[in-house]
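Report on one structure; see the data block that follows.
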2 protein chains.
Amino acid sequence: MLKNIDPLLSADLLFALRSMGHGDDIIIGDANFPGDAIARETTFGRVIRTDCVSTAEIVKAILSVMPLDNFVEDAAGRMQLVHAADEIPPVQQEVQDAIDASEKDAPKLLAIERFAFYKRAKQAYCVIQTGERRPYGCIALRKGVVGPDG
Amino acid sequence: MLKNIDPLLSADLLFALRSMGHGDDIIIGDANFPGDAIARETTFGRVIRTDCVSTAEIVKAILSVMPLDNFVEDAAGRMQLVHAADEIPPVQQEVQDAIDASEKDAPKLLAIERFAFYKRAKQAYCVIQTGERRPYGCIALRKGVVGPDG
């Protein structure tokens, strides 16, 4: 355990977040996401498990230390529902609320079609797999910049 | 880079600090310390380098996230000067100042004879080697507990 750092940020997750640079993507997959298979194609190369944690809980912990990329339109993405393209289920709305609370001019979650989401995930820096049981708890977050004043 | 985390805390160092538990020791060695050789006998198994950083700078960064053990007398140790057992040189006084600033009832640096320091270092969780050029920039810090309220 560490002072001033969310306890959900494990040693592996802190290592990954600190290693990421501007524009690198972190993927949060729900309990049904093919996290292990996809993570093997990422830079980090293996899945980071946070088995008993919800999507919004881990997003909130990540955003306590990671700024989002404000140079791009796709800083935050959500897997689009296959049979309801425009619906934003509670599992994703909770993430939007966490993003809104994390910074000024927070980005809106961009809908990403399921297989396009898998493609983005394979190109990511790393994949976290949560214990989220609700479907579509699948989120992409692109890292921004920390300036010289912190 | 991460928000709200001292930039001197590298990915490796954050990983090590988050992995350590109550009573585990972290050793800070100066530029002449046999860090690589000793680190191979520690739990972490390899030295963590912070080449351009002074002893007090890295101690301050570590103590921004790591509490000291308040169950023991030897929570903080310094390598004793071989020819001046009672002298506390500036390189060690700066560390004491950083410890004093980090928490209430901060411990005093306990003098540890040179070879006893090497012995403690080999039993540590990990060894960091700094770029500190002043001799005796060698410090041991034992990790404390973070309670359920942070």
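The values are calculated or read from the model by the stated rules, or taken from the named source; none is laboratory data. Bear in mind that the values here come from a model prediction, so they are computed numbers and not experimental data. Neighbour counts are summed over all protein chains in view; Cβ atoms, including those assigned to glycine, are modelled from backbone coordinates with ideal geometry. Note: accessible area is taken over every heavy atom of the protein model, side chains too, but ligands, DNA and RNA are not part of it. Shrake-Rupley method; radii C 1.70, N 1.55, O 1.52, S 1.80 Å.
Where the convex hull is taken over the Cα atoms of segment B:22-142, what is its projected area averaged over directions, in nm²? Please report the intermediate quantities before stating the final value.
Working: hull surface 26.4 nm².
Convex hull of Cα atoms, orientation-averaged projection: 6.6 nm².
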Residue among A:K108, A:K119, A:K60 with the largest mean-square fluctuation in a Gaussian network model of chain A, springs linking Cα atoms under 10 Å: A:K119
Interface B:A - total buried accessible surface [probe 1.4 Å, Å², rounded to 100]: 2200
Shielded residues, segment B:41-78 - accessible-area loss of 40 Å² or more between chain alone and all protein chains, probe 1.4 Å: B:V65
Nm distances between copies for A:T43, ranked from closest, using label points 7 Å along Cα→Cβ: 2.9
Dipole magnitude of segment A:22-142 about its Cα centre (Cβ charges: Lys, Arg +1; Asp, Glu -1), debye to nearest 20: 400
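Could you work out the local net charge near A:Q92, counting Lys and Arg as +1, Asp and Glu as -1, over the other residues with Cβ closer than 13 Å to its Cβ? Don't skip to the answer; put the middle values down first.
Details: positive: A:R78, A:K108, A:R134; negative: A:D30, A:D86, A:E87, A:E94, A:D97, A:D100, A:E132.
Once positives and negatives cancel, what remains is -4.
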Surface per residue (accessible, 1.4 Å probe) for chain B, Å²: 47
Heavy-atom accessible surface of the protein assembly as shown: percent carbon and sulfur, 1.4 Å: 50
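Which residues make up the longest stretch of chain B that has no GluC sites (Glu not before Pro) in a DSSP loop with at most 14 other Cβ atoms within 10 Å?
Values: sites that count: B:E41, B:E73, B:E87, B:E103, B:E113.
In chain B, the maximal stretch lacking such sites is B:1-40.
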Average partner coverage of A:4-13, which counts Cβ from other chains inside 10 Å: 4
Highest average packing first - B:142-150, A:62-70, A:4-12, Cβ atoms within 10 Å: A:62-70, A:4-12, B:142-150
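Please compute, for peptide B:14-24, the average count of beta-carbon atoms on other protein chains lying within 10 Å of each residue's beta-carbon.
Working: counts 11, 9, 2, 5, 11, 5, 3, 1, 1, 0, 0.
Counting Cβ atoms of other protein chains within 10 Å of each residue's Cβ and averaging gives 4.
Considering only DSSP beta bridges whose two residues both sit in the protein assembly as shown, what percent are antiparallel, to the nearest 5?
Numbers: 16 of 36 bridges.
Around 45 percent of the beta bridges assigned by DSSP in the protein assembly as shown are antiparallel ones.
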For chain A, calculated [θ]222 nm from helices alone, where every DSSP H run of n ≥ 4 adds -39500 (n - 2.57): -8500 deg cm²/dmol
Mean Cα-pair separation over length for segment B:22-142, i.e. relative contact order, pairs under 8 Å, 6 or more apart, %: 55
Kirkwood estimate for the protein assembly as shown, i.e. one over the average of 1/r between Cα atoms, Å: 20.6
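Out of all DSSP beta bridges with both ends in segment B:1-141, state the antiparallel percent to the nearest 5. It would help to have the intermediate numbers written out before the result.
On the way: 6 of 16 bridges.
Percent antiparallel among DSSP bridges in segment B:1-141 is about 40.
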